Amino acid sequence: MPTPVGVFVAAAAFLEGRRGAALLAMTTASTPATLGIDFGTSNSAMAWRAPGQTARLLPLEGDACGMPTALFFHTDEHSTHFGRDAMAQYLDGEPGRLMRSLKSLLGSALLQEKTAVHDQFVSYQDIIGLFLRRVADRARASLDGRLPERVVLGRPVHFVDDHPERDRQAQQALADAARAAGLGEVDFQMEPIAAALDYEQRLTQESVVLVVDIGGGTSDFTVVRLGPEQAGRSDRRDDILATSGVHIGGTDFDHRLNLAQLMPLLGYRHIGPSGREVPSRVFFDLSTWHLIQWLYSPKALAEARNLRTDYSDQRLHKRLMEVLELREGHRLAAVVEQAKIEASTRHAEAAIELGWLESGLSAAISPEVLHEQLQGPLQQVVACAQDCLRLAGVAPQALDAIYLTGGSSALRTLRDALREAFPGVPQVEGDLFGGVATGLAYA
């Protein structure tokens, strides 16, 4: 059901959530019930655990326990839509604005920028709070109208690479958004540690595991000692051997594929009459989920129109302006994401039909394109995993398993890269979209 925007609550001071390895402690019968919330770049989920019981995922959208992290603000109806409903409203051509990948703004100056939503000017942090309020409302609906005493939010190992102060500010901003959403004082736990806690529930003997959590915005790793005996201990700090992370995820893969396969159809790397390429910034922004909405402002549209003289082929500029003026940027991003998934799953070429933009226009993503375009970022991801093992002092052959979670960990090219880097180590697939939330309920 669409939900009115309502009142955006101002952020208040927040005692910074505890984080990292010092928090890895299993819930015991004496601890309160816990709600774990995985607020993801691309998808979100939540799970609840009563003391001494097994955690269970809670529905977020209809009967579905996972929900795309997306909002659509309907212009005519002044209503707000979430998840699959938000995506459907946008793809059906309803008037309004789609917002995705809001988590990527945490730690950036853009987070406090204000934008017009239903005749109000609100910050992107407020919009994150609005999404979390929807999550809180759904939790109450499943839990007899009350939230549990304790709420744990997941966080990547690094919101911002190599910048501790901005990383701290990012967590603080998320905590403030959670309070504005009515979630109260939340705790934080690293997402790969939460995934490890979920995996531990199915182990029958001690294992040394590399947890690989590849989400929409980050790739996070933990080397951890898990097992039934460890699960019964209250202090798990000695079991966490190392954590590491890098700010690369599924939306970065989509960005590269979009630039390579679709943006040339709009003029990317097109040589104009002056012998120079068309300025590329518009194509980079149009290929980045959380920046697309900025291209629809009057100023950005005027700048795009002024690029006309930089084109030798005016058809390409016409396509660019069609996408921007009709606000179809997220539609392009969505078809690239779907083609990536299809090419990986089927290990065959996936067609991208663009007849809605121009009759007969199409593109494609093949397994060969996936390998070529994603080789660079995947090398960085694998290098981060190898660094995590080095930090832990664990040889690759000493690993009992690689535990995969996060939607982007399903990518065949990623799994092949991990198999090459860690030959002979079994890869175990977890709940790609619910595992972190379940683990947070155990944290």
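The values are calculated or read from the model by the stated rules, or taken from the named source; none is laboratory data. Since the model is a prediction, treat every value here as computed from it, not as a measurement. Glycine also receives a Cβ, built like all others from the backbone with ideal geometry; neighbour counts cover every protein chain displayed. We work out accessible area using only protein heavy atoms, side chains counted, and drop any ligands, DNA or RNA first. Shrake-Rupley method; radii C 1.70, N 1.55, O 1.52, S 1.80 Å.
How big is segment 34-184 by Rg and Dmax over its Cα atoms, in Å?
Just the Cα atoms of segment 34-184 yield Rg and Dmax of 15.6, 48 Å.
Can you list the GluC sites (Glu not before Pro) in segment 284-372 that are in a DSSP coil and have 13 or fewer other beta carbons within 10 angstrom?
Working: sites: 303, 322, 325, 328, 337, 342, 349, 353, 358, 368, 372; in loops: 328, 349, 358.
Sites meeting the loop and neighbour criteria: 358.
Which distance in nm do the two modelled labels at residue 398 and residue 162 give, with both placed 7 Å along the Cα-to-Cβ direction?
Those two pseudo-labels are separated by 2.9 nm.
Over the chain, what percent of the accessible surface lies on carbon and sulfur atoms, probe 1.4 Å?
Working: 9040 of 18470 Å².
Its accessible area is 49 percent carbon and sulfur atoms.
Indicate the gyration tensor shape class of the chain (rounded, prolate or oblate), computed on the Cα atoms with a ≥ b ≥ c the square roots of the eigenvalues: a/c under 1.5 is rounded; otherwise a/b larger than b/c is prolate and the rest oblate. All intermediate terms of the calculation are to be shown ahead of the outcome.
Values: a/c = 2.07, a/b = 1.36, b/c = 1.52.
Oblate is the answer for the chain, as a/c is 1.5 or above yet b/c matches or exceeds a/b.
Farthest toward the dipole's positive end in the chain, which of 355, 197, 314, given Cβ charges of +1 (Lys, Arg) and -1 (Asp, Glu) about the Cα centre?
Final value for the positive-end residue is 314.
Taking the Cα centre of each part, how many Å lie between segment 115-153 and segment 348-414?
32
What percent do you get for the relative contact order of segment 251-370 when only Cα pairs under 8 Å and 6+ apart count? All intermediate terms of the calculation are to be shown ahead of the outcome.
Working: 155 pairs, mean separation 29.7, N = 120.
Relative contact order here is 25 percent.
What's the magnitude of the charge dipole for the chain around its Cα centre, counting Lys and Arg as +1 and Asp and Glu as -1 at the beta-carbon? Answer in Debye, nearest 20.
Numbers: 42 positive and 55 negative charges, 84 e Å.
Taking the Cα centre of the chain as origin, the dipole is about 400 debye.
Mind checking the dipole of segment 246-339: about its Cα centre, +1 per Lys or Arg Cβ, -1 per Asp or Glu Cβ, Debye to the nearest 20?
On the way: 12 positive and 11 negative charges, 54 e Å.
With only Lys, Arg, Asp and Glu charged at Cβ, the dipole is about 260 debye.
How big is the charge dipole of segment 34-184 about its Cα centre, in debye rounded to the nearest 20, if each Lys and Arg gets +1 on its Cβ and each Asp and Glu gets -1 on its Cβ?
On the way: 17 positive and 19 negative charges, 111 e Å.
Magnitude of the dipole: close to 540 debye.
Multiplying the sequence separation of residue 364 and residue 351 by 0.36 nm and subtracting their Cα-Cα distance, what value in nm do you get? Walk me through the numbers on the way to the answer.
Numbers: separation 13, 0.36 × 13 = 4.68 nm, distance 0.44 nm.
Length gained between residue 364 and residue 351: 4.2 nm.
Give a residue-ordered list of calculated ³J(HN,Hα) values for segment 72-80 (Karplus: 6.51 cos²θ - 1.76 cosθ + 1.60, θ = phi - 60°; whole Hz; x for Gly, Pro).
10, 9, 6, 5, 6, 8, 6, 10, 10
Summing -39500 (n - 2.57) over the DSSP H runs of n ≥ 4 in the chain and dividing by its residue number, what mean residue ellipticity at 222 nm do you reach, to the nearest 500 deg cm²/dmol?
Numbers: 13 runs with 159 residues, N = 443.
Taken over the chain, the calculation gives -11000 deg cm²/dmol.
Which one of 132, 154, 78 is farthest out on the positive end of the charge dipole of segment 34-184, using unit charges on Cβ (Lys, Arg +1; Asp, Glu -1) and the Cα centre as origin?
Checking the options against the dipole of segment 34-184, the answer is 154.
Evaluate the distance, in nm, between pseudo-label points positioned 7 Å from the Cα of residue 379 and of residue 116 along their respective Cα→Cβ axes.
Placing both labels 7 Å beyond Cα along the Cβ direction yields 4.6 nm.
Might you tell me the accessible area per residue for segment 34-184, computed with a 1.4 Å probe and given in Å²?
Working: 5690 Å² over 151 residues.
Accessible area per residue: 38 Å².
Need the list of lysines near residue 103 for cross-linking: C-alpha distance under 17 angstrom, and skip anything on the same chain fewer than eight residues off.
Leaving aside lysines fewer than 8 places away in the same chain, those within reach of residue 103 are 114.
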